[in-house]
Amino acid sequence: RSPFRPSTYLVERLRRYEARHKRCGPGSALFQEAVEHLRSGRNAARSECQYVVWTPFNGLGNRMLALASTFLYALLTDRVLLVHAPPEFDGLFCEPFPGSSWTLPADFLITDFDGVFTMWSPTSYKNMRQAGTISNATAEQSLPAYVFLDLIQSFTDAAFCDDDQQVLAKFNWMVIKSDVYFAAMLFLMPAYERELTQLFPEKEAVFHHLARYLFHPSNDVWGIVHRFYEAYLARADELVGLQVRVFPEMPIPFDNMYEQIIRCSEQEGLLPKLGQTVVVTAANGSSVVAPSTKLTSILVTSLFPDYYDRIRGVYHARPTETGEYVAVHQPSHEREQRTEARGHNQRALAEIYLLSFCDRVVTSAVSTFGYIAHGLAGVRPWVLLRPPSPVARAEPACVRSETVEPCLQALPRRMCGAAEGSDIGALVPHIRHCEDVQKGIKLFS
């Protein structure tokens with residue numbers, strides 16, 4: 001169950017959005033009319049239906065963060081969200097909007113999204129602004145047929161100023177490519193402040209509400225979740241999730257990472273403590289092992305089996321201090337991330353949902369996989385911090401996050417209304433820096 005209650009205004013806005021999507025979505029007469037305007041190569045005068053097309057970039061966690069951000073942007077700007085779904089994205093999610101599809105038709109006018117939408121694209125908003133081909137004074141009919149908003153890690157198009165949004169609002173078609181949770185930046189814009197306050201009175205629940213509304217696992221994915229949960233997790237009295245992600249750019253040796261996990265557990269009391277064999281005296285005077293009164297299941301999600309093997313071995317070899325049973329489980333260990341493989345993505349998404357069912361969650365710093373899991377759960381995770389170097393010791397081993405929200409790891413180069421060099425994480429009370437990325441920002445209640 002969700003620990004957060006959506007505002008009545010958010011629910012009302014979602015119902016209004018659904019009606020707009022059904023009226024303007026693929027297969028409707030208004031959509032066909034909009035496609036014809038796109039085919040003409042010129043922007044039409046502002047029409048009843050405006051669109052934002054999301055195209056994926058980077059791994060599954062990055063994609064879900066960016067897609068949720070794009071949907072929030074669509075809500076704020078009265079656009080219809082459409083998804084460019086490559087083959088590996090197919091089979092992950094059910095359609096979220098009643099009576100209509102969010103998927104671009106196979107015969108859509110633009111097909112080569114990877115080739116057309118790059119940082120050098122002439123339709124990039126930044127490139128058009130720098131070339132002087134568009135400005136606030138440009139008439140709608142004089143604009144190109146669409147605009148490309150490049151919001152990947154480097155924030156090539158840092159378009160989070162009110163005057164930028166006034167220009168972008170003139171385009172009936174917009175394409176966004178991103179791999180970050182840029183929703184956080186929208187909360188720094190005066191133009192959207194009032195609307196966002198009404199939508200999300202509890203600001204740490206923004207992604208939680210968006211993700212639970214938007215992401216519905218496909219039957220194939222939910223089948224993996226259901227079968228594993230019922231077989232291994234359903235009978236546990238407590239579920240502890242441990243997500244371990246070691247990145248190529250920070251190749252922490254196994255023993256160092258395992259030691260950090262144990263230090264975190266001891267520091268925060270996360271995993272059952274090991275002890276000696278617990279005995280009681282029977283009625284006849286003999287000593288017997290104390291019966292277990294509790295089952296704790298530890299769910300390990302990692303590309304590698306090593307952490308599961310070590311933790312499982314420890315609890316098999318020694319009893320716990322309280323005599324409780326401990327079961328350790330790991331759904332898969334694929335050794336490398338393969339974003340281009342549909343089956344890999346389905347298993348990854350299933351594990352995100354399994355992790356989100358845990359009562360307590362430990363995640364790895366900088367991991368978008370972990371962000372999604374604790375965001376869906378609506379719980380504040382313990383974050384395993386990155387050490388200064390692969391062989392250095394992380395101090396402390398972990399910290400408890402003060403918010404459910406994901407981290408926006410890469411900030412734009414400039415923030416309108418703030419002096420150059422200003423600390424973006426100190427401009428408003430509800431936005432501060434992340435525990436795991438010092439320069440990143442996240443939302444707090």
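Kindly identify the range 300-445 as rounded, prolate or oblate by the Cα gyration tensor criterion: order the square roots of the eigenvalues as a ≥ b ≥ c, call it rounded if a/c is under 1.5, otherwise compare a/b with b/c, prolate if a/b is larger, else oblate. It would help to have the intermediate numbers written out before the result.
Working: a/c = 2.12, a/b = 1.74, b/c = 1.22.
Because a/c hits 1.5 or more and a/b exceeds b/c, the range 300-445 counts as prolate.
Restricting to DSSP loop positions (anything but H, G, I, E, B) with no more than 15 other Cβ atoms inside 10 Å of their own Cβ, which GluC sites (Glu not before Pro) remain in the range 225-265?
Details: sites: Glu230, Glu238, Glu249, Glu259; in loops: Glu249.
Here the GluC sites (Glu not before Pro) that fit, given the DSSP loop and packing criteria, are Glu249.
Checking the a/c ratio against 1.5 first, then a/b against b/c, what shape does the Cα gyration tensor give for the range 8-204? It would help to have the intermediate numbers written out before the result.
On the way: a/c = 1.21, a/b = 1.08, b/c = 1.12.
Because its axes are fairly even, with a/c under 1.5, the range 8-204 counts as rounded.
Give the shape of the chain as rounded, prolate or oblate, defined through the alpha-carbon gyration tensor: a ≥ b ≥ c are the square roots of its eigenvalues, a/c under 1.5 means rounded, and otherwise the shape is prolate if a/b is larger than b/c and oblate if not. All intermediate terms of the calculation are to be shown ahead of the outcome.
Working: a/c = 2.32, a/b = 1.95, b/c = 1.19.
Here the chain falls in the prolate category.
Where in the range 296-337 does the label zone of Glu238 land, with the point 7 angstrom along Cα→C-beta and an amide N cut-off under 15 Å?
Hits in the range 296-337 for Glu238 at 15 Å: 296-299, 320-328.
In the range 408-445, what trypsin sites (Lys or Arg not before Pro) fall in a loop by DSSP, with at most 16 other Cβ atoms inside 10 Å? All intermediate terms of the calculation are to be shown ahead of the outcome.
Values: sites: Arg413, Arg414, Arg432, Lys439, Lys442; in loops: Arg413, Arg414, Lys439.
Hits after loop and neighbour filter: Arg413, Arg414, Lys439.
If you keep only loop residues by DSSP, which chymotrypsin sites (Phe, Trp or Tyr not before Pro) in the range 360-445 have at most 16 other Cβ atoms within 10 Å of their Cβ? Walk me through the intermediate numbers first.
On the way: sites: Phe369, Tyr371, Trp382, Phe444; in loops: Phe444.
For chymotrypsin sites (Phe, Trp or Tyr not before Pro) across the range 360-445 that sit outside H, G, I, E and B with at most 16 neighbouring Cβ atoms in 10 Å, the list reads Phe444.
Ordered by packing density, taken as the mean number of other Cβ atoms within 10 Å over each peptide's residues, highest first, how do 32-41, 356-365 rank? Mind dumping the intermediate values first?
Values: 32-41: 13.9, 356-365: 21.9.
Final packing ranking: 356-365, 32-41.
For the chain, which cysteines have no second Cys with its Cβ under 4.7 Å from theirs?
If one checks each Cβ against the other cysteines of the chain, Cys94, Cys358 turn up with nothing under 4.7 Å.
Over the chain, with a Gaussian network built from C-alpha contacts below 10 Å, which listed residue (Gly343, Gly99, Gly241) shows the highest mean-square fluctuation?
For the chain, modelled as a Gaussian network with Cα springs under 10 Å, the answer is Gly99.
So for the range 8-204, averaging the separation of alpha carbon pairs under 8 Å that are six or more residues apart and normalising by length, what relative contact order in percent results?
Details: 283 pairs, mean separation 59.9, N = 197.
After rounding, I find 30 percent.
Whose amide H sits under 5 Å from the amide H of Phe247, counting only residues 5 or more places off or on another chain, with H placed in the peptide plane?
Residues meeting the criterion, in which the H sits 1.01 Å from N, are Ile252.
With +1 assigned to the C-beta of every Lys and Arg and -1 to the C-beta of every Asp and Glu, and no other charges, what is the dipole magnitude of the chain about the Cα centre in debye, to the nearest 20? Don't skip to the answer; put the middle values down first.
On the way: 43 positive and 48 negative charges, 92 e Å.
So the magnitude is around 440 debye.
Using alpha carbon centroids, what distance separates the range 1-59 and the range 348-367, in Å?
Their Cα centres are 30 Å away from one another.
By how many degrees, 0 to 90 and rounded to 10, does the Cα axis of helix 60-77 deviate from the longest principal axis of the chain?
The helix 60-77 is inclined about 40 degrees to the chain.
With everything on Cα atoms, drop me the angle between helix 190-199 and the longest principal axis of the chain, reported from 0 to 90° to the nearest 10.
Once rounded, the angle reads 50 degrees.
For Glu193 and Leu303, calculate 0.36 nm times their separation in residues minus their Cα-Cα distance, and state this gained length in nm to one decimal.
Numbers: separation 110, 0.36 × 110 = 39.60 nm, distance 4.01 nm.
Working it through step by step, the gained length comes to 35.6 nm.
Where the centre of each part is set by its Cα atoms, how far does the range 223-274 sit from the range 151-209, in angstrom?
Spelled out, the Cα-based centre of one part sits 34 Å from the other.
Toward the positive end of the charge dipole of the chain, about the Cα centre and with charges on Cβ (Lys, Arg +1; Asp, Glu -1), which of Val246, Gln198, Val53 goes farthest?
So the residue furthest toward the plus end is Gln198.
Sequence gap of 8 or more, or different chains, plus Cα separation below 22 Å: how many lysine pairs satisfy both in the chain? Before the final figure, lay out each step's value.
Numbers: Lys126/Lys170; Lys126/Lys177; Lys177/Lys439; Lys177/Lys442; Lys203/Lys439; Lys203/Lys442; Lys273/Lys294.
Qualifying lysine pairs in the chain: 7.
In deg cm²/dmol, rounded to 500, what helix-only [θ] at 222 nm does the chain give when every DSSP H run of at least 4 residues adds -39500 (n - 2.57) and the total is split over its residues?
Estimated from H runs of four or more residues: -10000 deg cm²/dmol.
Helix 368-377: angle to the longest alpha-carbon principal axis of the chain, degrees 0 to 90, nearest 10?
80 degrees
Since every read-out is calculated from the coordinates, none of them should be taken as a lab result. Note that the coordinates shown come from a computational prediction; the quantities given were computed from them, not determined experimentally. FYI the Cβ positions are ideal-geometry reconstructions off the backbone, even for glycines, and counts take in every protein chain you see.
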